[in-house]
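The values are calculated or read from the model by the stated rules, or taken from the named source; none is laboratory data. Nothing here was measured: the structure is a model prediction, and the numbers come from that model. FYI the Cβ positions are ideal-geometry reconstructions off the backbone, even for glycines, and counts take in every protein chain you see.
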Amino acid sequence: MITAIARRVASGAIVLWAAATAAYLALLAAPGDIVDAIIGDGADTPQIRSQIIAEWNLDRPAIVQYLDYLLRAAQGDLGRSYLLQRPVRDVIGEQILPTLKLAVAAAVFGVVLALILAVTTRHRWVRRVSSTAELIIVSTPPFLIGIVLLSVFSFRFGLFPVSGDRGWAGLVLPAITLGLPIAGVLAQVLRDGLDRALDEPFAVTARARGLRERAVLVRHALRHALMPAVTLLGWLSGVLIGGVVIIEQVFGRPGLGQVTLQAVGNGDMPVVLAVVVFAAAAFVLINTAADLAYLLIDPRLRRS
Amino acid sequence: MIEVENLRVTFTGRHRVEAVRGVSFTIGEGECVAIVGESGSGKSVTARSLVGLAGPHAHVEAGTFTVDGRDVRGFAARDWRRLRGRFAGLILQDALVSLDPLRTVGAEIGEVLQTHGIGDRRDRPQRIQRLLTDVHVPEPERRVRQYPHQLSGGLRQRALIASAIAGGPRLLIADEPTTALDATVQAQILTLLAERRATGETLLLISHDLAVVSKLADRVLVMKDGRIVESGDTRTILVGAAHPYTKELVEAASGRRRGTTAEPGGVVAEATALRKVYGDRTVVRDFDLTIRRGEIVGLVGESGSGKTTVAQLLFGLTEPTSGRVRFEGADFSGVPERARRPIRRRLQLIAQDPLSAFDPRWTVRRIVGEALPRGGNPEPVLERVGLGADVLDRYPRQLSGGQRQRVAVARAIAPRPSLIICDEPVSALDVSVQAQVLDLLAQIREDDGTALLFISHDLGVIRDLADRVLVMHDGRVVEQGPVKAVFDHAGHEYTRALLDAVPTLEVSR
């Protein structure tokens with residue numbers, strides 16, 4: 001048990017390191033000069049340039065800078081933003097809450113909707129209609145869904161704010177936009193899993209005990225159907241991370257998405273690196289949760 | 001108790017299948033009735049119709065259909081639910097999949113009590129333990145918290161029976177209740193069913209094997225192609241079967257020796273002092289074996305006895321921890337795969353379940369063709385195993401169990417091997433089909449002089465086919481010798497236990 005946890009933590013650390021290094025290399029290779037990025041629109045003289053180089057330690061070899069970055073990142077110091085001239089930790093700290101709110105709301109909405117759809121639309125035309133709708137949603141780009149939702153519910157009916165992060169009302173449309181594709185894919189996978197589980201002999205045994213079909217579904221088949229859905233949690237984390245950037249843009253919400261776009265556009269390396277490391281951490285966390293969920297659902301996996 | 005007249009069950013799905021075509025029978029209170037037939041005969045569908053579980057696309061109609069004195073023809077889902085578990089309990093084949101693998105045994109049994117409101121929340125745990133005690137599960141207080149996969153096959157099946165009798169049903173329907181079990185465990189489960197019957201429960205047994213049900217059943221209904229072809233009390237059926245299919249079943253259940261008069265030839269394969277250790281478990285120890293040309297050697301033992309590991313060692317799929325294997329005069333263990341490859345074709349395998357041993361996307365033509373020299377024609381080989389050219393372009397799924405196993409035999413004999421290792425080759429087949437595959441294997445030995453190592457947990461099959469037998473228990477050979485000697489004068493108590501467990505027809509003819 002302890003070795004399993006240790007192995008998990010170690011592999012998580014390796015993923016974080018690899019993500020940070022890959023991003024570091026990519027940014028190093030990107031065109032543009034760091035000094036230009038730091039100067040921005042400010043005065044540009046040779047003195048200021050050398051001052052900046054001295055202040056940010058940019059005269060050291062790349063490898064030393066890289067190691068120094070790793071060392072400090074390991075201590076929780078993510079450096080200073082070139083653009084905002086503030087510690088990265090503060091920049092991220094301010095923006096992380098709206099993003100987390102959006103991601104969690106979207107994930108919860110997506111999973112709950114998928115469960116409801118898979119369990120309630122089992123037969124005949126309802127099933128066909130639901131399944132078709134899911135496929136349409138999944139194959140539509142999320143920003144398009146966002147724009148459609150905005151124009152109907154915000155512009156036409158004025159039910160929700162058009163942009164910004166004003167309380168819970170401002171969260172509804174972005175969360176639905178991000179959650180709908182998740183619900184679409186999960187519902188398909190769950191429905192398929194339910195079909196297979198209900199064909200198994202234990203389902204016949206359960207029916208032979210006098211159980212209602214709904215009870216067979218919820219008490220027996222659903223757990224079996226959850227297994228393949230849990231496998232998709234890794235994919236889900238990818239969708240959420242990639243999705244928030246776009247959705248925040250469409251709905252004009254503050255958050256990491258906005259920060260990231262700005263940082264990438266202006267070569268603000270410390271911020272980009274921090275976002276990448278943060279995304280990798282979220283990925284590791286969600287996948288660890290998935291592995292634990294497997295054990296929770298299926299006792300057969302608990303042996304070794 | 002049950003009266004059925006002209007029962008018809010039709011499946012209306014993508015294909016229309018008439019599974020049951022006009023079946024009439026009655027079951028009286030306290031009786032034990034068996035329905036016997038091969039897979040696809042409609043026996044399971046008939047039994048499940050009695051509790052309204054024929055299947056999702058099943059259309060059931062009958063002239064008379066009364067269960068417990070009530071006409072069930074107009075039954076709504078609710079009415080059926082009240083019958084299920086309370087009036088009739090259902091026991092299916094393999095408890096590993098017939099009990100929900102994700103729930104504890106206690107939860108599965110408790111579900112019946114809860115559904116029918118038997119007892120209250122507080123006394124249910126005791127009731128569950130008492131039920132487990134009733135079916136002779138030791139340490140019930142520990143077992144209730146365990147999952148099906150943590151129990152042995154026998155305990156699992158007992159737990160399944162406990163869940164079936166939890167609602168105190170008067171009728172127990174057991175659909176192939178022992179087919180997935182080793183012979184000794186099968187005998188124990190049959191004893192348990194006999195016990196249930198002694199307590200007054202009515203039994204309906206479904207099986208493909210007449211021998212299994214003959215000890216228990218008062219009456220036998222023989223089904224074929226959705227119809228009852230013969231019925232009567234068990235003795236009459238066994239002694240004076242009139243229908244050819246019934247005769248075939250009786251013969252398959254009685255066993256028939258398929259010996260040879262030819263003397264064995266030179267040594268084909270030789271294993272010396274084989275030992276295999278996994279971690280701190282020794283799964284095979286002190287295993288010696290010599291197989292000669294034209295010999296059929298039986299290797300018998302229960303699951304976990306090490307017989308499959310022996311097969312893997314002989315086949316060169318895993319290296320022995322110590323000891324060695326020689327095949328056709330060359331070293332076969334302890335050498336690189338490169339050295340084995342040229343003689344691999346001379347050593348073939350027939351697995352228990354050809355469905356998983358075949359590539360599902362390959363046609364029979366390709367499956368058999370692969371084993372032949374390039375451009376070889378598969379038709380003559382298929383003809384030898386009794387299959388026509390019509391199966392050439394079919395996929396494994398489109399064949400019956402017996403046809404599939406014939407294809408497996410065809411693939412094995414195509415490269416003219418000197419030894420075929422058969423790992424439980426007939427265990428998944430109905431007895432009538434079993435007999436045909438055994439005939440086929442005996443014929444191939446006779447014609448080609450191919451040696452066979454026949455691995456099985458079923459002593460009855462070994463008795464019918466093998467010349468010599470090795471009995472394995474806990475990784476070692478506890479007894480060996482010519483089949484007749486071992487069967488007539490078993491020295492080891494384990495062999496005797498195995499022998500006692502073989503279901504046989506005890507009828508003087």
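Evaluated against (1) farther than 11 Å from B:P354 by Cα; (2) assigned by TED's automatic domain parsing to the domain that holds B:T363; (3) basic (K, R), B:R445 falls short on exactly one condition, (2). The one condition from (1) part of a helix (DSSP H, G or I); (2) surrounded by fewer than 19 Cβ atoms within 10 Å (Cβ to Cβ) that A:I145 does not meet is (2). Within the stretch A:164-199, the residues that satisfy the criterion of being exposed (fewer than 14 other Cβ atoms within 10 Å of the Cβ) and not in a helix (DSSP H, G or I) are A:G164, A:R166, A:G167, A:W168, A:D199. Of all the listed residues (A:R86, A:R128, A:R122), the sole one being free of Cβ contacts under 8 Å to residues at least 24 places away in the same chain, assigned by TED's automatic domain parsing to the domain that holds A:I176 and either surrounded by 13 or more Cβ atoms within 10 Å (Cβ to Cβ) or not small (G, A, S) (or both) is A:R128.
The C-beta contact set for the stretch A:181-209 (first residue within 8 Å of chain B (Cβ to nearest Cβ), second residue among the basic types (K, R) and outside any helix (DSSP H, G or I), distance under 7 angstrom, 6+ apart or interchain) comprises A:R207/B:R84; A:A208/B:R84; A:R209/B:R84.
Residues in the stretch B:443-463: is at least one within 25 Å of the chain's Cα centre (by Cα) and surrounded by fewer than 18 Cβ atoms within 10 Å (Cβ to Cβ)? Even if it seems obvious, please write down each step before you answer.
Within the stretch B:443-463, the first condition is being within 25 Å of the chain's Cα centre (by Cα), and the residues that meet it are B:443-445, B:451-463.
Still in the running and surrounded by fewer than 18 Cβ atoms within 10 Å (Cβ to Cβ): B:443.
Yes, some residue in the stretch B:443-463 is within 25 Å of the chain's Cα centre (by Cα) and surrounded by fewer than 18 Cβ atoms within 10 Å (Cβ to Cβ).
Specify the residue that is nearest to A:I96 (Cα to Cα); the eligible residues are those in the stretch A:259-303 that are in a loop (DSSP other than H, G, I, E, B) and in contact (Cβ under 8 Å) with a residue 12 or more places away in the chain.
Step one: filter the stretch A:259-303 for residues in a loop (DSSP other than H, G, I, E, B), giving A:266-268, A:298, A:303.
Filter once more, keeping what is in contact (Cβ under 8 Å) with a residue 12 or more places away in the chain: A:266-268, A:298.
Numbers: A:N266: 20, A:G267: 20, A:D268: 18, A:D298: 34 Å.
Applying the filter and picking the extreme gives A:D268.
Output yes when any residue across the stretch B:112-126 is more than 9 Å from chain A (Cβ to nearest Cβ) and closer than 25 Å to B:T178 by Cβ, and no when none is. No: zero hits. All but one of (1) of a type in the set (K, R); (2) touching an Asp or Glu at 6+ places or on another chain (Cβ under 9 Å); (3) outside the structural domain of A:A281 (by TED's automatic domain parsing); (4) under 30 Å from A:R253 (Cα atoms) hold for A:R80; state the number of the condition that does not hold. With respect to (1) of a type in the set (K, R); (2) touching an Asp or Glu at 6+ places or on another chain (Cβ under 9 Å); (3) outside the structural domain of A:A281 (by TED's automatic domain parsing); (4) under 30 Å from A:R253 (Cα atoms), A:R80 is out only on (2).
Residues in the stretch B:27-53 that are more than 14 Å from chain A (Cβ to nearest Cβ) and in a helix (DSSP H, G or I): B:K43, B:T46. Can you tell me which of B:V185, B:V137 is away from every other protein chain (no Cβ under 12 Å), assigned to a loop (DSSP other than H, G, I, E, B), hydrophobic (A, V, I, L, M, F, W, C) and buried (at least 18 other Cβ atoms within 10 Å of the Cβ)? The unique qualifying residue is B:V137.
Is the stretch B:58-72 home to any residue that is within 27 Å of the chain's Cα centre (by Cα) and either surrounded by fewer than 20 Cβ atoms within 10 Å (Cβ to Cβ) or within 30 Å of B:R16 (Cα to Cα) (or both)? Walk me through it before giving the result.
Our first condition is that a residue be within 27 Å of the chain's Cα centre (by Cα); within the stretch B:58-72, this holds for B:58.
Those still in the list that are either surrounded by fewer than 20 Cβ atoms within 10 Å (Cβ to Cβ) or within 30 Å of B:R16 (Cα to Cα) (or both) too: B:58.
Within the stretch B:58-72, one or more residues are within 27 Å of the chain's Cα centre (by Cα) and either surrounded by fewer than 20 Cβ atoms within 10 Å (Cβ to Cβ) or within 30 Å of B:R16 (Cα to Cα) (or both).
Count of the stretch B:228-246 residues, restricted to those that are in contact (Cβ under 8 Å) with a residue 24 or more places away in the chain, in contact with a Ser or Thr (Cβ under 8 Å, 6 or more places away or on another chain) and of a type in the set (D, E, K, R), is 0.
So that you can scan it fast, the table gives a plain yes or no per residue for (1) in contact with an Asp or Glu (Cβ under 8 Å, 6 or more places away or on another chain); (2) modelled with pLDDT of 90 or more; (3) not aliphatic (A, V, I, L, M):
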site	(1), (2), (3)
A:V189	no, yes, no
A:D192	no, yes, yes
A:R212	no, yes, yes
A:L295	no, no, no
A:P299	no, no, yes
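Could you check, for the stretch A:42-56, whether at least one of its residues is closer than 30 Å to A:N287 by Cβ, part of a helix (DSSP H, G or I) and either without any contact (Cβ under 8 Å) to a residue 24 or more places away in the chain or small (G, A, S) (or both)? Taking every residue of the stretch A:42-56 in turn, none turns out to be closer than 30 Å to A:N287 by Cβ, part of a helix (DSSP H, G or I) and either without any contact (Cβ under 8 Å) to a residue 24 or more places away in the chain or small (G, A, S) (or both). Comparison of B:D218, B:D225, B:D175 shows that the only residue that is touching a residue at least 60 places away in the same chain (Cβ under 8 Å), within 14 Å of another protein chain (Cβ to nearest Cβ), farther than 30 Å from B:E295 by Cβ and surrounded by fewer than 23 Cβ atoms within 10 Å (Cβ to Cβ) is B:D175. Considering only residues that are buried (at least 20 other Cβ atoms within 10 Å of the Cβ) and small (G, A, S), look in the stretch B:290-310 and name the one that is modelled with the highest pLDDT. It comes out as B:G298.
Give B:P425, B:P378, B:P417 a once-over and let me know the one that is within 30 Å of B:F327 (Cα to Cα), touching a Gly at 6+ places or on another chain (Cβ under 6 Å) and buried (at least 21 other Cβ atoms within 10 Å of the Cβ). It would help to see each step written out before you state the result.
Working: B:P425 fails: touching a Gly at 6+ places or on another chain (Cβ under 6 Å); B:P417 fails: touching a Gly at 6+ places or on another chain (Cβ under 6 Å).
Matching residue, one of B:P425, B:P378, B:P417: B:P378.
Answer yes or no as to whether B:R130 is loosely packed, with under 14 Cβ neighbours inside 10 Å and either acidic (D, E) or in a helix (DSSP H, G or I) (or both).
Working: loosely packed, with under 14 Cβ neighbours inside 10 Å: yes; either acidic (D, E) or in a helix (DSSP H, G or I) (or both): yes.
Yes, satisfied.
Determine if the stretch A:265-275 includes at least one residue that is of a type outside the set (A, V, I, L, M), more than 14 Å from chain B (Cβ to nearest Cβ) and under 13 Å from the mean Cα position of the chain (by Cα). Outline the logic, then answer.
Just the residues of the stretch A:265-275 that are of a type outside the set (A, V, I, L, M), to begin with: A:265-268, A:270.
So of that shortlist, the ones also more than 14 Å from chain B (Cβ to nearest Cβ) come out as A:265-268, A:270.
Within this subset, residues satisfying the condition of being under 13 Å from the mean Cα position of the chain (by Cα) are none.
Scanning the stretch A:265-275, I find no residue that is of a type outside the set (A, V, I, L, M), more than 14 Å from chain B (Cβ to nearest Cβ) and under 13 Å from the mean Cα position of the chain (by Cα), so the answer is no.
Listed residues B:P169, B:P177; which is assigned to a loop (DSSP other than H, G, I, E, B), over 23 Å from B:V23 (Cα atoms) and touching a strand residue (DSSP E or B) at 6+ places or on another chain (Cβ under 6 Å)?
On the way: B:P177 fails: over 23 Å from B:V23 (Cα atoms).
Exactly one of B:P169, B:P177 is assigned to a loop (DSSP other than H, G, I, E, B), over 23 Å from B:V23 (Cα atoms) and touching a strand residue (DSSP E or B) at 6+ places or on another chain (Cβ under 6 Å), namely B:P169.
Does the stretch A:222-234 include one or more residues that are in a helix (DSSP H, G or I) and at pLDDT below 85? Yes, because at least one residue in the stretch A:222-234 is in a helix (DSSP H, G or I) and at pLDDT below 85.
The selection criterion, being among the small types (G, A, S) and either more than 9 Å from every other protein chain (Cβ to nearest Cβ) or within 25 Å of the chain's Cα centre (by Cα) (or both), holds for A:G167. If the condition is being within 14 Å of chain A (Cβ to nearest Cβ) and crowded, with 22+ Cβ neighbours inside 10 Å, then the stretch B:148-157 contributes B:P148, B:R156, B:Q157. Each residue in the stretch B:316-358 was checked for being surrounded by fewer than 12 Cβ atoms within 10 Å (Cβ to Cβ) and charged (D, E, K, R), and 3 pass. Annotation note: Cβ proximity below 8 Å between a residue of the stretch B:80-98 that is facing chain A (nearest Cβ under 8 Å) and a residue that is surrounded by fewer than 24 Cβ atoms within 10 Å (Cβ to Cβ) and among the acidic types (D, E) (sequence gap 6+ or interchain) occurs for B:L83/B:D68; B:L90/B:D175; B:L92/B:D175; B:L92/B:E176; B:Q93/B:D175; B:Q93/B:E176; B:V97/A:E200.
Kindly indicate which of A:F153, A:F202 is over 20 Å from the mean Cα position of the chain (by Cα), among the aromatic types (F, W, Y) and buried (at least 20 other Cβ atoms within 10 Å of the Cβ). Steps first, please.
Details: A:F153 fails: buried (at least 20 other Cβ atoms within 10 Å of the Cβ).
Selected residue: A:F202, the only one of A:F153, A:F202 that is over 20 Å from the mean Cα position of the chain (by Cα), among the aromatic types (F, W, Y) and buried (at least 20 other Cβ atoms within 10 Å of the Cβ).
Evaluate the stretch B:358-377: report whether one residue or more is more than 22 Å from B:Q434 (Cβ to Cβ) and touching a residue at least 60 places away in the same chain (Cβ under 8 Å). So far as the stretch B:358-377 goes, no, none of its residues is more than 22 Å from B:Q434 (Cβ to Cβ) and touching a residue at least 60 places away in the same chain (Cβ under 8 Å).
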